[in-house]
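Following: one structure in structure tokens, then a few remarks.
The values are calculated or read from the model by the stated rules, or taken from the named source; none is laboratory data. Please read these numbers as outputs of a predicted model, since none were measured by experiment. Here the Cβ positions follow ideal geometry from the backbone for every residue, glycine too, while neighbour counts run over all protein chains shown. Each accessible area value is taken on the protein alone, full model and side chains, heavy atoms only, with ligands, DNA and RNA left out. Shrake-Rupley method; radii C 1.70, N 1.55, O 1.52, S 1.80 Å.
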Amino acid sequence: MTTEAVDAVVVGSGPNGLVAAIALADAGWQVLVVEAQDRLGGAVASGEVTAPGYTTDLFSAFYPLAAASPIIRDLDLRAHGLRWAHAPDVLAHPLPDGSCAVLSTDPTRTAANLETFAPGDGDAWLAMVAHWNRVGDGLLDALFTPFPPLRPAAGLLRRIGPAGVLELARLAALPVQRLAKESFAGAGGGLLLSGNALHADIPPVAAGSGLFGWLLSMLGQDVGFPVPQGGAGRLADALAGRLVAAGGATRTGTPVTSIRVVNGRAAGVECADGTRISARRAVLADVSAPALYRDLVAARHLPPGLPDALDHFEWDHATLKVNWALRSPIPWRAPGVRGAGTVHLGADGDGMIDFAADLAVGRMPERPFLLLGQMSTADPTRSPAGTESAWAYTHVPRNATAECLDRQVQRVTDTVERFAPGFRDLVLARAVQLPADLQAADANLVGGATNGGTAAIHQQLVFRPVPGLGRPETPIPGLYLASAAAHPGGGVHGACGWNAARAALATDGWFGGLRRRLSRTAWSRLLPAG
């Protein structure tokens, strides 16, 4: 058995793992990132999987949270080759009658579009944007900060006052269907809000969906839905380059089989090839919560109530994705769709509720709601001139059979054809990613889940991933959860990794012993007796 030692081992090289490693390396720690796959980046990757010359983002593709995240911004990834590209319009949601809601980075253009749905809706949108301008920065600071976000919350209170905080708290609890009804007379505003809410797995009639829809809509209005020029893999490359520049190291093709616990503290990892890597200070896990607590850490090291709590852990919906190499741009019936990087289609407001209801009961939707990316529209380097590299994904039940999935792939194509007659004739090549394919390429995407667990309110804040502290510290000293399974959850913003690194650095500092004792005491009180 080969043995080596570093200050910290980071298990998994998704964006959270890489951000965590960068933070530790910047602090002077000797850091090694260990990755099971033969590439870095986790669910941030691209490649030519349809036809030569067509670049496809294999998982995540648009990055509003990365563009807005102060964590990602402060890493100066431009110095490591990252360039953002933008489509002429952020998002479009067409309806069968040819009308189309369009989100632009220019608020007046978005407002003018919504005004065509109902008089006054343009002003209602501008009022929503003005609200975002008052609270957005403070809200993002609170969102990306370890729980409880005391300092950002205090700053937000000073800025908007108690009445403003109550307004924001109500928004956080509001279903997006209700938010749309209260805010707009026509359908357009609700299409933008509800479609963005369905980027997560919260039904439009459920509490919390209003906040998600509003947040993504306002981010689109503010920073757009940018894409890395050249493919999503360029973002992973920039993060890896930034890590190496800080003195960190990476190792791919090396699955970790267990986390070693010695004298009650995380002491390193053991790998499938027999290598044992000791961690003098910390182990950070950019893996799913079930993988960490059921596969990597022996049960005897965990509080007896943790396995019972994990029995209630809920995954988000499975994802099915279809990628196309197209001979020319998609011939949309609605002109407003042609310049949008992101397209929502297949369902109106009521249809999105029906879609979510189907998924909630495990029924395959007969009329799927699609999120479609026109990647060459956003970044012309993605395919030869005059062509389009595109994809569409939809959510499906986690128990779907192979036959049902095959039928749903056909429905995806049928849906695009319905809004863009002649689409089928443009397909040069196609590549399908089923839920099992997504998990095979990234073990964190269990069953095709892309969010690290449901974003519903019962698994957020102190309930993420199980009822506890809402923080990256685990019941084992020296072990930190650094994946989207931790607060604040899914999305490429780096906060889960950054928070885990900050916790490791703080626990290693002057008051580290006290922090460890307080954490152990809290976990013993919060978990069931088992």
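Structure data summary
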item: Solvent-accessible surface (1.4 angstrom probe) belonging to Arg260, in square angstrom, nearest 10; result: 50
item: Alpha-carbon centroids, region 327-366 and region 269-301: separation in whole Å; result: 40
item: Rel. contact order, % - alpha carbon contacts under 8 angstrom, at least six apart, the chain; result: 23
item: Amide H partners (placed H, <5 Å) of Leu428, local residues excluded; result: Ala325, Leu326, Arg327
item: Å² per residue, accessible surface of region 245-362 at 1.4 Å; result: 39
item: Rounded percent of accessible protein surface that carbon and sulfur make up, region 368-435, 1.4 Å probe; result: 55
item: Equivalent-ellipsoid semi-axes of region 1-127, from the Cα gyration tensor, Å, largest first; result: 42, 20, 12
item: Percent accessible area from carbon and sulfur atoms, region 4-132, protein chains only, probe 1.4 Å; result: 52
item: Gyration tensor (alpha-carbon) shape descriptor, region 1-42, a/c threshold 1.5; result: oblate
item: Å² of accessible area per residue within region 85-126, as computed with a 1.4 Å probe and no ligands counted; result: 40
item: Under-5 Å amide H pairs with Val396, H placed in peptide plane, nonlocal only; result: Ala318, Thr319, Leu320
item: DSSP beta bridges in the chain [antiparallel fraction, %, rounded to 5]; result: 65
item: Region 361-417: relative contact order in percent, alpha carbon pairs under 8 Å with at least 6 residues between; result: 42
item: Shape category assigned to region 297-422 from the gyration tensor of Cα positions, a/c cut at 1.5; result: prolate
item: For region 210-225 and region 1-38, distance of Cα centres in Å; result: 32
item: Cα-based helix-to-principal-axis angle, 402-419 vs the chain, degrees rounded to 10; result: 40
item: Helix-only mean residue ellipticity at 222 nm for the chain, each DSSP H run of n ≥ 4 adding -39500 (n - 2.57), per residue, nearest 500; result: -11500 deg cm²/dmol
item: With DNA, RNA and ligands ignored, accessible area of His458 (1.4 Å probe; Å², nearest 10); result: 100
item: Mean Cα-pair separation over length for region 1-150, i.e. relative contact order, pairs under 8 Å, 6 or more apart, %; result: 11
item: Estimated distance in nm for a label pair at Arg300 and Thr413, the labels positioned 7 Å out from Cα along Cα-to-Cβ; result: 5.5
item: Size of electric dipole in the chain: Cβ of Lys, Arg +1 and of Asp, Glu -1, about Cα centre, debye, nearest 20; result: 1380
item: Zero-based 10 Å bins, Cα pair distances in the chain, whole percents; result: 4, 19, 30, 27, 15, 5, 0, 0
item: Given charges at beta-carbon only (K, R positive; D, E negative), |dipole| of region 153-212 in Debye; result: 180
item: Separation between Cα centres of region 39-96 and region 403-439, rounded to whole Å; result: 21
item: Rounded to the nearest 10 Å², the accessible area of Glu182 at probe 1.4 Å; result: 80
item: Carbon/sulfur fraction of accessible area - region 159-310, other protein chains in place, 1.4 Å, %; result: 52
item: Charged-residue dipole, Cβ positions (Lys, Arg, Asp, Glu), region 42-106 about Cα centre, Debye nearest 20; result: 200
item: Among Ala485, Val322, Val337 - extreme Cα towards positive end, dipole of the chain, charges at beta-carbon; result: Ala485
item: Sorted peptide list for 14-27, 168-181, criterion being average Cβ within 10 angstrom, highest first; result: 14-27, 168-181
